[in-house]
Every structure is written in C-alpha cells, then in structure tokens.
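The values are calculated or read from the model by the stated rules, or taken from the named source; none is laboratory data. Note that the structure is a prediction, hence the values are computed from the model and not measured. All Cβ positions, even for glycine, are placed from backbone atoms using ideal geometry, and neighbour counts span all protein chains on display. Each accessible area value is taken on the protein alone, full model and side chains, heavy atoms only, with ligands, DNA and RNA left out. Shrake-Rupley method; radii C 1.70, N 1.55, O 1.52, S 1.80 Å.
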Amino acid sequence: MPTTLTYAFSPNYIVSNVNLSDIKLIFRRAFSRWSAVIPVNFTETEDYMFSNIKIGFYSGDHDDGEPFDGVLGVLAHGFSPESGKLHLDAAETWAV
Ligand SMILES: [Zn+2]
C-alpha cells in the first residue's frame with residue numbers, strides 16, 4: 001500500500017517568467033516518474049499550509065538557515081518531513 005504525500009505551490013513565492021501552469025505540469029511529471037519506482041504517490045493540493053511538500057521560489061537569505069547564492073551555484077534545496085520545504089532559487093533564469 002503506497003503512502004500518499006501532498007504537495008502544493010506557494011501562493012506568494014513564484015517566478016513571473018514561467019507560467020505556473022507549466023511549472024505545475026513539470027512537477028506533476030517528475031512526481032509521477034518518482035512514484036513509478038517508489039511506493040509513494042504524490043497528489044497536488046491547493047492547501048499550501050498543510051501540504052506535506054511545500055514548493056516555492058526564494059531569493060538570497062529567506063530565513064530557513066540555507067540562503068541562496070544568486071545566479072548558478074545552488075539551484076534548489078529541500079528539507080525532509082515534517083518540514084517538507086522544497087525551495088528553488090528565484091535568482092536563476094528558470095525555463096520549461
Ligand atoms: Zn530555503
């Protein structure tokens with residue numbers, strides 16, 4: 001019986017140069033591929049505060065003890081449950 005984890009996108013910390021719908025599609029595909037090889041299902045939810053995985057784009061020092069370094073270098077980081085934060089560096093030029 002697979003475990004189900006929910007994920008959600010921050011309503012505030014997004015990037016403007018890529019459509020949120022495109023970002024959601026990419027994450028849906030990635031989680032689907034991951035689910036194919038591990039006993040975990042990933043379900044998107046609108047409930048950001050209570051989702052297991054919280055996805056957002058952040059710049060520089062964003063108060064989690066892991067400041068981003070600007071263009072290139074560190075692109076993203078994540079924190080294991082129960083935090084579940086998955087942060088992408090907003091300074092990067094993200095593209096789909
Ligand atoms: Zn962070």
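Quick rundown of the values:
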read-out	value
Residues (among the hydroxyl-bearing types (Ser, Thr, Tyr), away from the ligand (no atom under 12 Å from the Cβ) and within 21 Å of PRO11 (Cβ to Cβ)) located in the range 73-87	none
Selected residue (only one of TYR13, TYR7 is assigned to a loop (DSSP other than H, G, I, E, B) and surrounded by 12 or more Cβ atoms within 10 Å (Cβ to Cβ))	TYR13
Which numbered condition THR43 fails, given (1) outside any strand (DSSP E or B); (2) free of Cβ contacts under 8 Å to residues at least 40 places away in the same chain	(1)
Check on ALA36, open to solvent by 30 Å² or more (accessible area, probe 1.4 Å) and within 17 Å of VAL15 (Cα to Cα)	no
Selection within the range 48-68 - over 20 Å from PHE31 (Cα atoms) and either modelled with pLDDT under 95 or surrounded by 12 or more Cβ atoms within 10 Å (Cβ to Cβ) (or both)	TYR58, SER59, HIS62, ASP64, GLU66, PRO67, PHE68
Filter pass, PHE42 being within 16 Å of the ligand (Cβ to nearest atom), among the aromatic types (Phe, Trp, Tyr) and surrounded by 15 or more Cβ atoms within 10 Å (Cβ to Cβ)	no
Residue list for the range 46-69, filter: within 20 Å of THR3 (Cβ to Cβ) and of a type in the set (A, V, I, L, M)	ILE53, ILE55
Residue list for the range 45-63, filter: among the charged types (D, E, K, R) and either under 15 Å from the mean Cα position of the chain (by Cα) or more than 10 Å from the ligand (Cβ to nearest atom) (or both)	GLU46, ASP47, LYS54
